[in-house]
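Student: Before I ask anything, here is the structure I am working with.
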Amino acid sequence: MTDLALQPAAPADPERRQWLIATGAAGGAAAVATAVPFVSTFAPSERAKALGAAVEVDVSDIPPGGMKTVEWRGKPVWVVRRTPEMIAALQKNTDALADPASARDQQPAYARNAGRSIRPELFVAVGICTHLGCSPSAAPAGGGNASLPADWAGGYLCPCHGSTFDGAGRVFRNKPAPTNLEVPPHRYVSDTRLLIGEDKA
């Protein structure tokens, strides 16, 4: 009986070695070819990128008292050019508001003021009620809406459940909406161009 440990090693088979290298290379290439499409599915789609991108708005064509609605991240965003009367009305009925000083975090720090805006005459807000996601409507002063008080100074009314907001999107007390309307991040890139979705250059 011979001792296997003492037997000389068999000579290497060069053809077998080439087949092993070729098979390993082909397997590695197949793994990479499979992994690349799989990993790329985790990247956001072009539509998702577009939905998250900032939106530039021309505000030069919004008349006094007028509103322009644009889409940002799938949400309607209002850009309202307030008249001097609308700005003055923001000082009325503040004791009837749930959060008149905008203490809750529904706006960037630079919009934590009575007008909830960078420029008093231009108000930017997400046009979605903070109650159940309905879309409020503009309700001007003296509009004759029976759902609003006789001394209504202007603002917004959610027709779904009756939440009311003033001209700065601040919710009135004892209404279903728990917070003021959201003010998205925004900045002005020129006197007439507004960028919604970014607040730093």
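Listed here are the residues, each with its yes/no results for (1) modelled with pLDDT of 95 or more; (2) open to solvent by less than 70 Å² (accessible area, probe 1.4 Å); (3) more than 21 Å from Val70 (Cα to Cα).
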residue	(1), (2), (3)
Val126	yes, yes, no
Trp152	no, yes, yes
Thr179	yes, yes, yes
Val183	yes, yes, no
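Student: Picking from Arg82, Arg104, which residue would you name as being touching a Ser or Thr at 6+ places or on another chain (Cβ under 9 Å), crowded, with 16+ Cβ neighbours inside 10 Å and within 29 Å of Arg193 (Cα to Cα)? Talk me through it step by step, then tell me what you get.
Tutor: Working: Arg104 fails: crowded, with 16+ Cβ neighbours inside 10 Å.
Residue meeting the stated conditions: Arg82.
Student: Another question about this same structure. Where residues in region 67-79 are open to solvent by less than 70 Å² (accessible area, probe 1.4 Å), touching a strand residue (DSSP E or B) at 6+ places or on another chain (Cβ under 7 Å) and not β-branched (Val, Ile, Thr), which of them is farthest from Asp151 (Cα to Cα)?
Tutor: The initial filter retains those residues of region 67-79 that are open to solvent by less than 70 Å² (accessible area, probe 1.4 Å), namely 68, 70, 72, 74-79.
The next check asks that each one be touching a strand residue (DSSP E or B) at 6+ places or on another chain (Cβ under 7 Å); those that pass are 68, 70, 72, 75-79.
Retained after the next criterion (residues that are not β-branched (Val, Ile, Thr)): 68, 72, 75-76, 78.
On the way: Lys68: 26, Trp72: 34, Lys75: 31, Pro76: 28, Trp78: 24 Å.
Ranking the candidates gives Trp72 first.
Student: Can you pull out the residues in region 153-162 that are at negative phi and either over 22 Å from the mean Cα position of the chain (by Cα) or aliphatic (A, V, I, L, M) (or both)? Full working, then the answer.
Tutor: Of region 153-162, the ones at negative phi are 153, 156-161.
Matches in region 153-162: Ala153, Leu157, Pro159, Cys160, His161.
Student: Give me the residue from region 156-168 that is among the small types (Gly, Ala, Ser) and touching a residue at least 60 places away in the same chain (Cβ under 8 Å) and, out of that set, surrounded by the most Cβ atoms within 10 Å (Cβ to Cβ).
Tutor: If we filter region 156-168 for residues that are among the small types (Gly, Ala, Ser), which is where we start, we get 162-163, 167-168.
Filter once more, so that each one left must be touching a residue at least 60 places away in the same chain (Cβ under 8 Å): 167-168.
Details: Gly167: 26, Ala168: 29.
Filtering first and then ranking leaves Ala168.
The values are calculated or read from the model by the stated rules, or taken from the named source; none is laboratory data. Everything numeric in this text was worked out from a predicted model, so none of it was measured. Neighbour counts run over all protein chains shown; Cβ positions are idealised from the backbone, glycine included. Surface areas here come from the heavy atoms of the whole protein model, side chains and all, with no ligands, DNA or RNA. Shrake-Rupley method; radii C 1.70, N 1.55, O 1.52, S 1.80 Å.
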